[in-house]
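**Q** My questions will all concern the structure given below.
The values are calculated or read from the model by the stated rules, or taken from the named source; none is laboratory data. Because the structure is predicted, anything quoted here is derived from the model rather than measured. Here Cβ is always computed from backbone atoms with ideal geometry, including for glycine, and neighbour counts include all displayed protein chains. Heads up: the accessible areas ignore ligands, DNA and RNA and are worked out on the full protein's heavy atoms, side chains in. Shrake-Rupley method; radii C 1.70, N 1.55, O 1.52, S 1.80 Å.
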Amino acid sequence: MSNYKFIEHAADIAVEVSGGSYEEVFITALDAFCKAAMYTKDIQASEKKTINLYSEDINWLLIDFLNEINFLIQTKKWFTINCVELNIEEQDNRLKLSAVLLGTESTDSSLIKEEIKSVTYHQLNIRKEGNVYSTIVVFDI
Amino acid sequence: MNINGIELVKIHENLWEIPKYGGMLVPGRIYTSQSMIESTLKNDEALKQVINVAHLPGIQKYSLAMPDIHWGYGFPIGGVAATDIESGVISPGGVGYDINCGVRVARTNLEYNKIKTKIQKIIEDLFKKIPAGVGASGAIKKLNSNEIKDVLVMGSKWSHKIGFATDEDIIHTEENGCLEGADPIFVSDRAIERGLDQAGTLGSGNHFLEVDVVEEIFDKEKAGVMGLFIGQILIMIHTGSRGLGYQICDDYLKVLLRAEKKFGYKLPDKQLACAPIKSLEGESYLSAMKCAANFAWNNRQVIMHLSKLSLMDSLNITESGLGFKLIYDVCHNIAKIEEHEIDGMKKKVCVHRKGATRAFPPDSPFIPHSFKSIGQPVLIPGDMGRYSFIASGTSTAIKETFGSSCHGAGRVQSRHKALAQGKGRNLISELQSMGVSIQAKGIKTISEEMPYAYKDVAEVVDIMHNSGITLKVAKLRPVGVIKG
C-alpha cells in the first residue's frame, strides 16, 4: 500500500507519498528523501541510531523527521539509508516519534546527490481517504 | 485578462493589477508583460501567492511582484511586500530559506582579448581554490563557536578584521555588509553547527562564480562611474548563508506557526507563518535573520578574497596589476526596516524582498558616496550561457516598489526536464561552443542549469527598464563558470 512518486516541480523536488498508516507515510517519505538526497546504493550501512521527536501536529512532525535526517547528513556526515523501526504515539497532548535509523558515518561528500536546504510546509497535508493516508512533500534545493 | 480564475487589470504595458477581493488587504501588482503572463504565469501558482501575500496583517499599498516572478514558498519568488512596523507582521516566507542569497560583482584591469587563452586555466584554478558543491567545506579553517558568533554580529567586517576585505569592499556592500541588531542568542546551536565549516563556500544548485566580460554598455556615464569598459573582465559571485540560513528559516517557521495561532491570524498558506514585528517572536526572528544575512555577506567576501588570490596566481600578476575592486554587493532574500512614503507620510516599514533586489536612487543616503550621482548598482544574473546585467536604481522604484527590482531570470523548466533534455549530449562542449568554459562537481548540475532551463533574463530586465524601475547600464557575457 505504501508508495512514492516524484512529481514535476519547476525549481525543487516534489514527491507524492502514501501509506496505510502515519508510520507507513513517514517511512515512505524517508525512502523518497534518501533517494533524492543521496546515492544510497554506494552506502554500506552498519550502524543504528535512535531518534525521538515531539510535535503538536502530524504534518510538522513529518517535517521535523525529514529535517532531522537532513541535519544528520549535512552536519554530522551520518547517512541514513533506512528505518528499521518507527512508532508514533500521543504523549502529554503531543505526538512522539521514536525511530531506529540504519546508516553510517562518512566524510565522503560524493555520497550526497543533492544539497537539500529544507523540507517545506508547501502543499504538505497528510489526509486519509478510505484506508490510505497520503500527502505531497516538497524539498527546497 | 483572466488567468486561472484570477482577474488581471492592465495598468500599462508592463504593469498588471489584481484588484482587492476577499481577505486581501491591498491589491496585487505584477510587473510583467502580456507575453510573459501567457507563456509562464499561467502555468504555476505564483499569482495565487501574490494574492496570499496581500492577506498579511499591516501590508502597505500593494502585494508586489517583479517580472522574474515564479512559484515559491509562501511568497512568490520575485515578491515584495512592506508591512507597517507598528501594526504589521514579519514572515520568514517573505525572505526564504537562503537568507541573504545575493550577488556581488568585482571589476579587474584585465581585458578579455589579452587573456582569453588563459580562461580555462583561470577557471580550473578558481575551482581548486573555492569549495563548491554539496558538502563542500574548507575554504578557511573551520570556525569555532565563538568565531562564528563574531561573524554573525560583524558580517563582512569580520573579513576586514582578518585582512580579507578592504575599506572599499565594506563601503561597496549593501548595509556595509553588516545589519545592526544581529544577536547570536537567537540562533540555535543546530544552525551554528551547520555554519561552522561553510564560511567561504559556494554551495550547489543555482549558486555560481562566473568570469564575465563586459559586452555592451547602455549608459556610458554610469558605466564610467562603476569603472566599466567594453571587453573588461569581471567576477560575479552568487551565493548566500548556506546551511546556517536554511536552519534559521526552518527553526523560525515553527516558532511563527505557533505565533500565528497565538495572535489569531488565519493566513491562506502555512509558509506565510508570521508574527507582529513588535513581538517576542517577530523580534527574535528578525535578529536571527540578521545573523544569517551577516554570515552571507561575509561568505561572499571570503570567496571574493580567495578569487583575487587565485587570479593573481593564475596570471602571475600583482594586486595592483589585477586591480580587483568590488563594484557592489546586493542581497535578494531579506527583510529590512526602511522608511518609505505612504499616503504622503514617511513611515517605517519592514520591506520583505524575496527574490528581489534593493534599487535605491541617486542621492539616497543609503548608497555609497561614489554612486550618489547615478543610483545604486543593481546586479541581475542570467543563465550561464547567455548574459547578465548591471542596472541602476531610480526614484520611480522608491515611489512604486519600495525601492525594489528584479533579481534574475527564473527557471522555465524543471530540473527533471532539463536533465532529460541533456541526456546523451556533450553539454561541456556545447557550452564551450558558446564561448563558456565550465568547471563543476558533476555533470548533473551542469545539465540542470543549462541555459534552456531558464527564462531569457533580457526580457525581465527590459520590463524593469521600460517601467523606469531600474535602468540598464551594461550587459555582461559569461566566459567561465564554476558550479557546485
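**Q** Looking only at the range B:442-483, filter to residues that are aliphatic (A, V, I, L, M) and assigned to a loop (DSSP other than H, G, I, E, B); which one of those is nearest to B:Arg358 (Cα to Cα)?
**A** Here the answer is B:Ile469.
**Q** If I filter the range B:221-258 down to residues being within 14 Å of chain A (Cβ to nearest Cβ) and among the aromatic types (Phe, Trp, Tyr), which single residue comes out as most open to solvent (accessible area, probe 1.4 Å)?
**A** Taking the range B:221-258 and keeping what is within 14 Å of chain A (Cβ to nearest Cβ), we get B:239-258.
Filter once more, so that each one left must be among the aromatic types (Phe, Trp, Tyr): B:246, B:252.
Values: B:Tyr246: 4, B:Tyr252: 24 Å².
Per the criteria, the residue is B:Tyr252.
**Q** State the number of residues belonging to the range A:83-101 that are within 15 Å of A:Glu68 (Cα to Cα) and surrounded by fewer than 16 Cβ atoms within 10 Å (Cβ to Cβ).
**A** 3
**Q** Tell me whether the range B:90-101 contains one or more residues that are touching a strand residue (DSSP E or B) at 6+ places or on another chain (Cβ under 9 Å), away from chain A (no Cβ under 14 Å) and over 14 Å from B:Gln271 (Cα atoms).
**A** The answer is no; no qualifying residue exists.
**Q** Determine whether the range B:136-155 contains at least one residue that is in contact with a strand residue (DSSP E or B) (Cβ under 9 Å, 6 or more places away or on another chain), buried (at least 20 other Cβ atoms within 10 Å of the Cβ) and in a loop (DSSP other than H, G, I, E, B).
**A** So far as the range B:136-155 goes, yes, one or more of its residues are in contact with a strand residue (DSSP E or B) (Cβ under 9 Å, 6 or more places away or on another chain), buried (at least 20 other Cβ atoms within 10 Å of the Cβ) and in a loop (DSSP other than H, G, I, E, B).
**Q** Could you tell me which residue of the range A:49-97 is farthest from A:Lys35 (Cα to Cα), considering only residues that are part of a loop (DSSP other than H, G, I, E, B) and in contact with a Gly (Cβ under 9 Å, 6 or more places away or on another chain)?
**A** Among residues in the range A:49-97 that are part of a loop (DSSP other than H, G, I, E, B) and in contact with a Gly (Cβ under 9 Å, 6 or more places away or on another chain), the one farthest from A:Lys35 (Cα to Cα) is A:Thr75.
**Q** Right, something else. Tally up the residues in the range B:149-191 that are in contact with a Leu (Cβ under 6 Å, 6 or more places away or on another chain) and under 20 Å from B:Tyr246 (Cα atoms), please. I'd like the intermediate steps shown before the answer.
**A** Residues of the range B:149-191 that are in contact with a Leu (Cβ under 6 Å, 6 or more places away or on another chain), as a first pass: B:169, B:172, B:182, B:184, B:191.
Still in the list and also under 20 Å from B:Tyr246 (Cα atoms): B:182, B:184, B:191.
So the answer is 3.
**Q** List the residue pairs whose Cβ atoms are under 7 Å apart, where the first residue sits in the range B:417-444 and is more than 14 Å from chain A (Cβ to nearest Cβ), the second is of a type in the set (Lys, Arg) and outside any loop (DSSP other than H, G, I, E, B), and the two are 6 or more positions apart or on different chains.
**A** Sorted first by the residue in the range B:417-444, then by its partner, the pairs are B:Ile438/B:Lys483.
**Q** If you don't mind, there's one more thing I want to ask. Would you check if there is a residue in the range A:43-62 being more than 14 Å from chain B (Cβ to nearest Cβ), small (Gly, Ala, Ser) and more than 19 Å from A:Glu24 (Cα to Cα)?
**A** Scanning the range A:43-62 turns up at least one residue that is more than 14 Å from chain B (Cβ to nearest Cβ), small (Gly, Ala, Ser) and more than 19 Å from A:Glu24 (Cα to Cα).
**Q** Are any residues in the range B:271-292 out of contact with any Gly (no Cβ under 8 Å at 6 or more places or on another chain), in contact (Cβ under 8 Å) with a residue 24 or more places away in the chain, open to solvent by 10 Å² or more (accessible area, probe 1.4 Å) and outside any loop (DSSP other than H, G, I, E, B), and if so, which ones?
**A** Hits for the range B:271-292 are B:Glu281, B:Ser284.
**Q** Kindly provide the set of residues from the range B:198-220 that are away from every other protein chain (no Cβ under 14 Å), out of contact with any strand residue (DSSP E or B) (no Cβ under 7 Å at 6 or more places or on another chain) and open to solvent by less than 10 Å² (accessible area, probe 1.4 Å), ordered by number.
**A** Scanning the range B:198-220 gives B:Ala199, B:Gly200.
**Q** Also, I was wondering about something else. Can you pull out the strands (runs of 3 or more DSSP E) entirely within the range B:15-131 that have at least 3 residues that are open to solvent by 20 Å² or more (accessible area, probe 1.4 Å)?
**A** Correct list: B:102-111.
**Q** Assess whether B:Val255 counts as being β-branched (Val, Ile, Thr) and in contact (Cβ under 8 Å) with a residue 40 or more places away in the chain. Don't jump to the end; show me each part of the working.
**A** Working: β-branched (Val, Ile, Thr): yes; in contact (Cβ under 8 Å) with a residue 40 or more places away in the chain: no.
Considered against the rule, which asks whether it is β-branched (Val, Ile, Thr) and in contact (Cβ under 8 Å) with a residue 40 or more places away in the chain, B:Val255 comes out as no.
**Q** Is at least one residue of the range A:103-114 acidic (Asp, Glu) and touching a Ser or Thr at 6+ places or on another chain (Cβ under 6 Å)?
**A** no
**Q** Could you please tell me which pairs satisfy a Cβ distance under 6 Å, a separation of 6+ or placement on different chains, a first residue in the range A:43-65 that is more than 28 Å from A:Ser109 (Cα to Cα), and a second residue that is open to solvent by 80 Å² or more (accessible area, probe 1.4 Å)?
**A** These pairs meet every condition: A:Tyr54/A:Arg94; A:Glu56/A:Arg94.
**Q** Please tell me if B:Ile327 is of a type in the set (A, V, I, L, M, F, W, C) and open to solvent by less than 10 Å² (accessible area, probe 1.4 Å).
**A** It is true that B:Ile327 is of a type in the set (A, V, I, L, M, F, W, C) and open to solvent by less than 10 Å² (accessible area, probe 1.4 Å).
**Q** Can you go through A:Ile69, A:Ile81, A:Ile51 and tell me which one is modelled with pLDDT under 95 and either basic (Lys, Arg) or over 17 Å from A:Asn125 (Cα atoms) (or both)?
**A** The match here is A:Ile81.
**Q** Within the range B:186-195, which residues are in contact with a helix residue (DSSP H, G or I) (Cβ under 6 Å, 6 or more places away or on another chain) and either at positive phi or open to solvent by 30 Å² or more (accessible area, probe 1.4 Å) (or both)?
**A** Answer for the range B:186-195, where residues must be in contact with a helix residue (DSSP H, G or I) (Cβ under 6 Å, 6 or more places away or on another chain) and either at positive phi or open to solvent by 30 Å² or more (accessible area, probe 1.4 Å) (or both): B:Phe186, B:Ser188, B:Arg190.
**Q** If you don't mind, there's one more thing I want to ask. Any residue at all in the range A:27-47 that's touching a Ser or Thr at 6+ places or on another chain (Cβ under 7 Å) and in a strand (DSSP E or B)?
**A** yes
**Q** Considering the range A:13-31 alone, what residues qualify as being open to solvent by less than 20 Å² (accessible area, probe 1.4 Å) and within 14 Å of chain B (Cβ to nearest Cβ)? Reasoning before the result, please.
**A** Filtering the range A:13-31 for residues open to solvent by less than 20 Å² (accessible area, probe 1.4 Å) gives A:14-15, A:17, A:19, A:25-26, A:28-30.
Within the range A:13-31, A:Ala14, A:Val15 qualify.
**Q** While we're here: Please work out which residue is nearest to A:Gln74 (Cα to Cα), limiting yourself to the range A:89-133 and to residues that are within 14 Å of another protein chain (Cβ to nearest Cβ) and basic (Lys, Arg).
**A** Ranking the qualifying residues of the range A:89-133, first place goes to A:Lys117.
**Q** Just checking, how many residues over the range A:127-140 are open to solvent by 20 Å² or more (accessible area, probe 1.4 Å) and either in contact (Cβ under 8 Å) with a residue 40 or more places away in the chain or within 14 Å of A:Trp60 (Cα to Cα) (or both)?
**A** Residues meeting the conditions: 6.
**Q** Can you tell me which residue in the range B:445-458 is farthest from the other protein chains (Cβ to nearest Cβ), limited to those that are more than 9 Å from B:Ala409 (Cβ to Cβ) and acidic (Asp, Glu)?
**A** Residue satisfying both the conditions and the ranking: B:Glu449.
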